[in-house]
Amino acid sequence: MVCMPSQDQLSRENCEKIHNILARMSDKYRLNIVPEPVKTKRLSSPVYYRKYRIYKEIRERDGNSEAYLTPEEEAMILSVCRSPEEEELMKHCTYAYRYPASLVLKSFREEKRDRKR
């Protein structure tokens, strides 16, 4: 799975917070999480802007094309957040699974994402 911070979160402070949250998730769940530079064709990204490759078991792709993270994935991500601000940062990241023939984007369910606004 890949975690990519939102373009709206492009400050150094927010990127460092996301990095720290994912480091806590790696420790808690014994996952290998590797930061990688974000490469874009149109704009140059700041050096601190990273996407994160999260190595974990994934389920086989089913036919329903669900665009949301599973409740277990949501719980795993939010369980290491220490404040509502950290939860909001993680809810606005884009998540994706790479399958042999495609890339499937995932996100938090809208009702969970917008509940605190």
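The values are calculated or read from the model by the stated rules, or taken from the named source; none is laboratory data. All of these numbers come straight from a predicted model, not from anything done at the bench. Quick reminder, even Gly has a Cβ in these numbers, built from the backbone with ideal geometry, and neighbours come from all protein chains shown. For accessibility, only protein heavy atoms count, side chains too; no ligands or nucleic acids. Shrake-Rupley method; radii C 1.70, N 1.55, O 1.52, S 1.80 Å.
Given the criteria modelled with pLDDT of 90 or more, surrounded by 15 or more Cβ atoms within 10 Å (Cβ to Cβ) and assigned to a helix (DSSP H, G or I), does residue 21 qualify?
Values: modelled with pLDDT of 90 or more: yes; surrounded by 15 or more Cβ atoms within 10 Å (Cβ to Cβ): yes; assigned to a helix (DSSP H, G or I): yes.
Taking the combined requirement at face value, the residue satisfies it.
Can we say residue 16 is closer than 22 Å to residue 110 by Cβ, modelled with pLDDT of 90 or more and not in a loop (DSSP other than H, G, I, E, B)?
Details: closer than 22 Å to residue 110 by Cβ: no; modelled with pLDDT of 90 or more: yes; not in a loop (DSSP other than H, G, I, E, B): yes.
Criteria not met by residue 16.
Does residue 34 satisfy the criteria of being surrounded by 11 or more Cβ atoms within 10 Å (Cβ to Cβ), modelled with pLDDT of 85 or more and part of a loop (DSSP other than H, G, I, E, B)?
Here the answer is no, as residue 34 does not meet what is asked.
Give all pairs with beta carbons closer than 7 Å in which a residue from the stretch 14-41 that is polar (S, T, N, Q) meets a residue that is open to solvent by less than 80 Å² (accessible area, probe 1.4 Å) and part of a strand (DSSP E or B); count only pairs at least 6 apart in sequence or on separate chains.
26/33
Against the definition (modelled with pLDDT of 80 or more and touching a Phe, Trp or Tyr at 6+ places or on another chain (Cβ under 9 Å)), how does residue 73 come out, yes or no? So that I can check it myself, show each step before the final result.
Values: modelled with pLDDT of 80 or more: yes; touching a Phe, Trp or Tyr at 6+ places or on another chain (Cβ under 9 Å): yes.
In short, yes.
Since residue 87 meets every condition but one in (1) under 23 Å from residue 109 (Cβ atoms); (2) in a loop (DSSP other than H, G, I, E, B), which condition does it not meet?
Going through (1) under 23 Å from residue 109 (Cβ atoms); (2) in a loop (DSSP other than H, G, I, E, B) one by one, residue 87 breaks only (2).
Consider only pairs whose beta carbons are under 7 Å apart and that are at least six residues apart or on different chains; among these, list those whose first residue lies in the stretch 94-108 and is within 16 Å of residue 38 (Cα to Cα) and whose second residue is among the hydroxyl-bearing types (Ser, Thr, Tyr).
So the pair list comes out as 94/6; 94/107; 95/107.
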